[in-house]
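Right, one structure below, let's go through it.
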Amino acid sequence: MREIEAAFSSRYGTGPAGVVWAPGRVNIIGEHTDYSDLPVLPMAIDRGLKVAYAPAADRVAASSSAFPETADWSLDQIQTLDVSTLSGWPRYLLGVLRVLGTLDSGGLLHVAADLPSVGGLSSSSALTLGLLKAVDLASESAPRPSVELVELAIEAERVVGVESGGMDQNAIALAEAGKALRIDFAPTRTRLVPLPQTWSWIAASSGVEAPKGGRVRDHYNARVLGTRLAAALLGKRLGRDPRQRLAAFHDPDGRAACAELPAEASARRVARETDVPSGFLLASSAGGLVDPGPVSVRAVALHVLDEASRVDAAERALAAGALDPAGALDPVGALLDASHASLQDFGASTPELDSLCTAMSSAGAVGARLTGAGFGGFAIAVAPRERADAVVAAAERACGGPAFVVEPSSGLRKL
Ligand code: NG1
């Protein structure tokens, strides 16, 4: 019996009806662009989590091999629970159940993972999508299509409090082996991008945890606010609609006007200057962002617009890599390095992430950058396959690990 089935049986006294696989992801390039409706280029990886499930008449119960918290809620109770009173991973389960609305039946769930949850590999979205698909399959209704699960998962994570974009959920649900996934937003469109087999992708921990509670959530939401303030100010200055996302300013005039933006501004000041209400600027699915006061605006906008151009350039370089993998490696590596430098200005890097990237480059990686939200968590590097072991070893020496090669893998599915 597989380990997860044994764990499920020992917890619930009965075997599971099935097991769902939800992979983690690394983002190759396009960081902090998704919530401005600008593109990203992630790939799902060969690490992730399994959720074993079985139907249950009137309750949802859940446990995990990795964490002590459990949930056991009646269907009636689910509608009255307050997410802010829960701690740990059951918050994501409540987010999932909330967006599913009134349930006709429940489920028994058990989670096991080989995906570090320290930040950057999208463990929160893998968990959300794994739970969502397991609850969906445990119910009697027809299974929902992946694109519907993606939309529900985005909303579920916002219920938990991070006003995220949609990169992770799309990547995890729609990825295919051997390929990255270019994702555009508003409307969402995805395109598979083959990756050269002679390259290795290395994921390495900075040794600093960046879980989505407290500190990281506040840093992240402050950047989301920074992009909204920048867009409102650019709209006002360029005579365009100020209630748009930064994607509406991804053109030469928009880029040039960024230089005139204030280094920092508050929602209150921008609301006064632009007539966009502060309630609009601070809106969120979880009842409004906490107003952090002045946040970085100019560096945030410059990073986001330039990073979107780097996504286009990386996709072009990868297309060339299909014909000439060796020739495309340096251009892709240079884009990764440029992305990391830009994220330093944006404020998402840390000294540990910086020295980790330097260590991997010195060991033979052609490019390295933080991946995911940053503020700690993971970095990725790209290297010719024969140098991968040396890069992993250098990363482990720099930060104490873990570091490992990740393979571009297929997405969410029933095993
Ligand atoms: P992480 O925290 O690495 O899973 C987060 C967001 C993404 C994206 C990146 C930054 C969530 C679930 N994910 O990724 O949507 O904005 O940061 O590019 O919040």
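The values are calculated or read from the model by the stated rules, or taken from the named source; none is laboratory data. Model, not experiment: these values are computed from the prediction. With ideal geometry, Cβ positions are generated from the backbone for all residues, glycine too; neighbour counts draw on all protein chains shown. These area figures cover heavy atoms from the full protein model, side chains too; ligands, DNA and RNA do not enter into them. Shrake-Rupley method; radii C 1.70, N 1.55, O 1.52, S 1.80 Å.
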Fill in: Every residue from region 1-41 that is among the hydroxyl-bearing types (Ser, Thr, Tyr) and under 30 Å from residue 371 (Cβ atoms)
33, 35, 36
Practice prompt. Mind telling me which of the residues 334, 283, 319, 328 ends up being among the small types (Gly, Ala, Ser) and at pLDDT 95 or above?
Written response: 334
Fill in: Residue satisfying all of: in region 160-183; modelled with pLDDT under 95 and part of a loop (DSSP other than H, G, I, E, B); nearest to residue 280 (Cα to Cα) among these
163
Practice prompt. Could you please find all residues in region 188-212 being modelled with pLDDT under 95 and closer than 16 Å to residue 396 by Cα?
Written response: 207, 208, 209
Fill in: Condition met for residue 354 (open to solvent by 20 Å² or more (accessible area, probe 1.4 Å) and within 22 Å of residue 299 (Cα to Cα))
yes
Worksheet item: When you scan region 119-178, how many residues do you find that are under 19 Å from residue 35 (Cα atoms), touching a Pro at 6+ places or on another chain (Cβ under 8 Å) and away from the ligand (no atom under 15 Å from the Cβ)?
Response: 0
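Residues checked against (1) closer than 18 Å to residue 27 by Cα; (2) of a type outside the set (D, E, K, R):
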| residue | (1), (2) |
| --- | --- |
| 143 | no, yes |
| 148 | no, no |
| 152 | no, yes |
| 159 | no, yes |
| 165 | yes, yes |
| 168 | yes, no |
Worksheet item: Which condition breaks for residue 339 when tested against (1) assigned to a helix (DSSP H, G or I); (2) of a type in the set (Ser, Thr, Tyr); (3) over 30 Å from residue 381 (Cα atoms)?
Response: (3)
Item to complete: For region 65-78, indicate whether the set of residues that are touching a residue at least 12 places away in the same chain (Cβ under 8 Å), assigned to a loop (DSSP other than H, G, I, E, B), open to solvent by less than 70 Å² (accessible area, probe 1.4 Å) and farther than 22 Å from residue 168 by Cα is non-empty.
Response: yes
